[in-house]
Amino acid sequence: MTAKPVFDSGCRQCPRLASFLDEVKAKHPTYFCKPVPAFGDADARLIIVGLAPGMHGANKTGRPFTGDYAGILLYETLYAHGFASKPQSLSADDDLSLINCRITNAVKCLPPDNKPLPVEMATCNQFLAAELQQLATDSIVLALGNIAHLAVLKAFSLKIKDYKFGHAARHTLPNGLILVDSYHCSRYNTQTKRLTETMFHQVFAMIKAEFLTSSP
């Protein structure tokens, strides 16, 4: 079986997304405007899966959750729980490092209105699947939002009915990985209090407990 590529920085398989990136690049010449690579520890036991790059966040900086509102809570929380060397991600070339953690997205390119089409999510899933299949069997996948949750299930050809999304839900996958769900740390969710800082920290406390339980 031929191994699937983990990432393709020149991917233009989705015509709508490729055209949109060209349009944004014309308006913002300094923006990254390419598929955004994962960021963090290559051998991490925790991989965080978001939805897609934000227009003025990852699409601008080239690093997931960097430059937008959602990244503020995420990186502060990672730092508080020992997964990041600093509480802020300012740019792709700052000296921040992640510790036993890596961040990626279900869709690697910026979608119009932050809404990828089902066909685009399906096309991009090959890259997420390759990333996840390289994880050690005692690793934890944190899905930020239902779309990321569904992308993880698709990556392993699992049935949606068997793994219902819910904030702080924990699922043991057939391959031994643990899938943990959280509401996305978006501005909308935090401002409406669907997701509070306390709720988000509780998810990471769960993850730290999983690490302690599975440590030899």
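The residues listed here are Leu78, Leu132, Leu142; of these, the one that is buried (at least 18 other Cβ atoms within 10 Å of the Cβ), at pLDDT 95 or above and outside any helix (DSSP H, G or I) is Leu142. Could you tell me which numbered condition Asp41 fails, if it satisfies all but one of (1) touching a Leu at 6+ places or on another chain (Cβ under 6 Å); (2) buried (at least 18 other Cβ atoms within 10 Å of the Cβ); (3) acidic (Asp, Glu)? Of (1) touching a Leu at 6+ places or on another chain (Cβ under 6 Å); (2) buried (at least 18 other Cβ atoms within 10 Å of the Cβ); (3) acidic (Asp, Glu), only one is false for Asp41: (2). Looking across segment 111-129, the residues that are in a helix (DSSP H, G or I) and over 28 Å from Asp43 (Cβ atoms) come down to Pro112, Asp113, Asn114, Pro118, Val119, Glu120, Ala122. Just so you know, in segment 154-190 the residues that are of a type outside the set (Ser, Thr, Tyr) and under 14 Å from the mean Cα position of the chain (by Cα) include one that is nearest to Tyr75 (Cα to Cα), and it is Cys185. Number of residues in segment 158-198 that are among the basic types (Lys, Arg), closer than 19 Å to Gly50 by Cα and assigned to a helix (DSSP H, G or I) equals 1.
Criterion first (at positive phi, at pLDDT 95 or above, small (Gly, Ala, Ser) and surrounded by fewer than 23 Cβ atoms within 10 Å (Cβ to Cβ)) does Gly62 satisfy it? Can you show your working first?
Values: at positive phi: yes; at pLDDT 95 or above: yes; small (Gly, Ala, Ser): yes; surrounded by fewer than 23 Cβ atoms within 10 Å (Cβ to Cβ): yes.
Yes; evaluated as a whole, the condition is true for this residue.
The values are calculated or read from the model by the stated rules, or taken from the named source; none is laboratory data. Keep in mind that this is a model prediction, so the values were computed, not measured. Neighbour counts run over all protein chains shown; Cβ positions are idealised from the backbone, glycine included.
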